[in-house]
Amino acid sequence: MRNLIFYIILLFPPGLACQSAGEAAGNPPGYDLTKPVKYFMPNILLEISGITFKDDNRDSLYAQQDELGSIFILKTGEKKYRESHVTKEGDFEDIAEMDEHFFLLRSDGRLYSVPAEELNYRVTPTVKEWQDFLPKGEYEGMFALKETRELYVLCKDCPVDKKIKVSALLF
């Protein structure tokens, strides 16, 4: 727990950490904290592993539930949602979108890719799975850098990390 708190403190923007109690913080770039956006979460999304937006459009949120191989699509302010089944159940960690495809990361390093237009189906007809693309290990997070078309994954516990003092960041 101490490490988690330490990382949270490190991630805090330096300007916010140094402000006095009476001084109001500004909005982070791209956000207006006086106008929050609400996404109604169904009970099935009690444990969300990851969220993303398609093309940075905030009208719809795409969520990955921890144990289901599905992508959930939630529209701003609406209580109903759509679910598109991608693969069988597992321990899923994150979701990312890039180049009109959504990627799911399973904790064992398996990656799944589905074309964005297929999320209109209840069961996606075309799924690409990479089983041995990443080294053996337990994976925790993923990020798509759209400008360079790179997909980064963070390994939580990988044998390659035992020899060095930093965690592997693979792309």
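In the range 36-134, a dipole from Cβ-located charges (positive for Lys and Arg, negative for Asp and Glu) runs towards its positive end, and of T52, L111, I73 it is I73 whose Cα lies farthest in that direction. Per-residue extension of 0.36 nm, minus the Cα-Cα distance of I48 and R149, leaves a gain of 33.9 nm for this segment.
Extension gain, T34 to W130, is 30.3 nm, computed as 0.36 nm per intervening residue step minus the present C-alpha separation. For the range 55-104, trypsin sites (Lys or Arg not before Pro) meeting the loop criterion (DSSP other than H, G, I, E, B) and having at most 16 other Cβ atoms within 10 Å: R58, K79, K80, K88. Annotation: extensible slack from H85 through D56 equals 8.2 nm (criterion: 0.36 nm per residue apart, minus Cα-Cα distance).
Since every read-out is calculated from the coordinates, none of them should be taken as a lab result. Remember, it's a predicted structure, so these values are computed and weren't measured experimentally. Cβ sites come from the backbone with ideal geometry, for glycine too, and all protein chains shown count toward neighbours.
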